[in-house]
Amino acid sequence: MRVIFDSEILSVAPRFKVIKIEATVENGATSDALWQELLAVGEWVRVAYDMPMINKRPGVAATRQAYKALGKEPNRYRPSSEALCRRLVKGMELYRTLTMIDLINLLSVRTGYSIGGFDADKISGDTLCLGVGREGEQFEAIGRGLLNIASLPIYRDAVGGIGTPTSDEERTKLTTDTCRLLMCINIYGEEMSVQETIDLATDLLTRHAHASDINIEIISAQ
C-alpha cells in the first residue's frame with residue numbers, strides 16, 4: 001500500500017511523518033495479558049499527567065496545532081490519543097474489545113500519537129492519500145455515526161475517506177475477520193522516537209497478534 005501526502009497537509013504540517021505498518025495478524029478477543037498491559041499503561045498516564053497537561057504532550061499538541069491550522073477546533077474534535085488519555089485521567093475505563101483495537105489503543109496512549117488501524121482487504125485500490133476533509137463529505141465514524149470531517153486530516157482510498165486522527169471509518173474497520181492489517185502511526189510532532197515507536201509496535205504485534213510478514217515504512221514530508 002502506497003501512502004502519499006496532499007500539498008494542503010504539507011503546508012500546515014511540514015514535519016509530518018507516518019509509520020506505515022502492514023502485517024498478517026490474528027484479531028480475536030483481547031487476551032488477559034494484553035488487557036493487563038493496557039491497564040498498566042493507563043495507570044502510567046494517570047500518574048504522569050493531570051488533565052491540563054494532556055493536550056501539552058508533544059504528540060497531542062502537534063496534532064491539535066495541525067487541526068487549528070486547517071480551521072478545525074480540536075476541543076470539539078479531539079485527536080484519538082488525547083481522547084483516550086482524558087478518559088483515563090478522569091478515572092474511566094477503556095472498553096475491552098478486540099486484540100488489534102486494544103493494541104492500537106495501548107500504543108496510542110503510550111506514544112501520544114493518533115493511529116489509524118484498517119483492514120487492508122477492505123481498502124479500495126493500492127494508494128492512500130492524506131488530504132483534508134471537505135464540507136459535506138460523508139464519513140461514518142466507528143461507533144459515532146456521521147462525523148463532520150471538514151478541515152480534518154483524512155486518509156482516502158479510491159472510494160473515499162477511511163481515517164482521521166479523531167476516528168476511523170466503518171467501511172474499513174478492524175473485525176474478527178481481519179487478517180491483513182494496515183496501521184498508520186501519525187506523527188505531527190515527535191514525542192516517542194520513531195525507532196522506539198516501531199520497536200514497541202512490532203513487539204506488541206508479535207506477542208499479542210501473532211503477526212507475521214511485517215512490513216514497515218517511514219514516510220516523511222521532508
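The values are calculated or read from the model by the stated rules, or taken from the named source; none is laboratory data. The shown structure was predicted, so the numbers you read here are calculated from the model rather than taken from an experiment. Please note: Cβ atoms are built from the backbone with ideal geometry, for glycine as well, and neighbour counts cover all protein chains shown. Keep in mind that these areas ignore ligands, DNA and RNA; they rest on the heavy atoms of the full protein, side chains included. Shrake-Rupley method; radii C 1.70, N 1.55, O 1.52, S 1.80 Å.
Between amide H atoms placed 1.01 Å from N, distances below 5 Å from residue 5 occur with 130, all of them 5 or more places distant or on a separate chain.
Each Lys and Arg adds +1 at its Cβ and each Asp and Glu adds -1 at its Cβ; summed about the Cα centre, the chain shows a dipole of about 800 debye. In percent, what relative contact order does the chain have, based on Cα pairs under 8 Å that are 6 or more apart in sequence? Worked out over the chain, it gives 38 percent.
3J(HN,Hα) along region 198-204, derived from phi through the Karplus expression 6.51 cos²θ - 1.76 cosθ + 1.60 where θ = phi - 60°, amounts to 4, 4, 5, 4, 5, 4, 5 Hz, with x in place of Gly and Pro.
Compared with the alpha-carbon gap, the fully stretched path from residue 31 to residue 207 is longer by 62.3 nm at 0.36 nm per residue. Using alpha-carbon positions, what is the distance between the centroids of region 69-109 and region 112-127, in Å? Cα centroid of region 69-109 versus Cα centroid of region 112-127: 17 Å apart. For region 181-209 versus region 136-176, the spacing of their alpha-carbon centroids is 21 Å.
Phi angles across region 66-78 convert, under the Karplus curve 6.51 cos²θ - 1.76 cosθ + 1.60 with θ = phi - 60°, into 3J(HN,Hα) values of 5, 4, 4, 5, 8, x, 9, 7, x, 6, 8, 10, 6 Hz, Gly and Pro given as x. As a ratio to 2.2 N^0.38 Å, the alpha-carbon radius of gyration computed for region 130-178 takes the value 1.07. For region 91-207, the solvent-accessible area with a 1.4 angstrom probe is 38 square angstrom per residue.
Using a probe of 1.4 Å, the accessible surface attributed to residue 93 totals some 130 Å² when neighbouring protein chains are kept in position. Simple point charges give the picture: +1 on the Cβ of Lys and Arg, -1 on the Cβ of Asp and Glu, and for region 163-206 a dipole about the Cα centre of about 240 debye. Structural descriptor for region 58-119: relative contact order 39 percent, calculated from alpha carbon pairs under 8 angstrom and at least 6 residues apart.
The HN-Hα couplings worked out from phi for region 36-44 by the Karplus form 6.51 cos²θ - 1.76 cosθ + 1.60 (θ = phi - 60°) are 5, 5, 5, 4, 5, 5, x, 5, 4 Hz, whole numbers, x standing for Gly and Pro.
I'd like the trypsin sites (Lys or Arg not before Pro) in region 72-171 restricted to DSSP loop residues with at most 10 other Cβ atoms within 10 Å, sorted by number. List each step's numbers first, then the result.
Details: sites: 72, 76, 86, 87, 90, 96, 110, 122, 134, 144, 156, 171; in loops: 72, 76, 90, 96, 134, 144.
Qualifying residues, ordered by number: 76, 90.
How about region 69-172: which chymotrypsin sites (Phe, Trp or Tyr not before Pro) there are in a DSSP loop, with at most 15 other Cβ atoms within 10 Å of their Cβ? For chymotrypsin sites (Phe, Trp or Tyr not before Pro) across region 69-172 that sit outside H, G, I, E and B with at most 15 neighbouring Cβ atoms in 10 Å, the list reads 95.
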